[in-house]
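*Asks:* Take a look at the following structure, please.
The values are calculated or read from the model by the stated rules, or taken from the named source; none is laboratory data. If you're wondering where the values come from, they're calculated on a predicted model, not measured in any experiment. With ideal geometry, Cβ positions are generated from the backbone for all residues, glycine too; neighbour counts draw on all protein chains shown.
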Amino acid sequence: MSDQEAEDTFRQIAALLERLEMNWVVREVNETIRLGKLASEKIEIQEEIFDEANVLAPTGRRRSRESFTVSVDFTPKEKLLLLVDALRSISTDAAAIELATAELIAKSMQSGKAAFPLERVEFVFCEDEAGREIRKSDSQVRRRLSNFSQELQPLFKELQEAIDAD
């Protein structure tokens, strides 16, 4: 994948996420891109050495190399990888977190030895303190989210391989 193709793909995915009202993902990735990645840069320093008797004329020179941490720009492919990794993370991790939360709720709802059915666990994601419902998580939603996550994995792998090619 060329740099231009990576930039085009990034823009296409960003536009898709905006249509899906998931532009918060792009904002987070863009913030990471704005900060840049850390790299170590070595700089050669040349110092003049002075004799105590004659401070006006240098008696020699000393060279040393110092290492500094600098921020450098991401390449177009690295930017795309950041976005792909963010999408992989939110799709896979969200499904796993919701299932783990539901299992924890079901376990805490157990009375004595009677198990609380996982299928009966429901919880609601709210947007803010006012309690506006964003979406509900029930067994059907968790199953769809898990299936969606599994279906995306080959696409993420294919995209990763296309980015790595070259």
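*Asks:* Looking at segment 96-119 only, could you name the residues that are among the hydrophobic types (A, V, I, L, M, F, W, C) and at pLDDT 75 or above?
*Replies:* ALA96, ILE97, LEU99, ALA100, ALA102, LEU104
*Asks:* Tell me, yes or no, whether segment 23-39 has at least one residue that is assigned to a helix (DSSP H, G or I) and modelled with pLDDT under 85. Full working, then the answer.
*Replies:* Residues of segment 23-39 that are assigned to a helix (DSSP H, G or I), as a first pass: 23-35.
Narrowing further to those that are modelled with pLDDT under 85: 23.
The answer is yes; a qualifying residue exists.
*Asks:* Another one. Would you check which residues across segment 46-80 are surrounded by 10 or more Cβ atoms within 10 Å (Cβ to Cβ) and acidic (Asp, Glu) and list them?
*Replies:* Within segment 46-80, GLU47, GLU48, ASP51, ASP73, GLU78 qualify.
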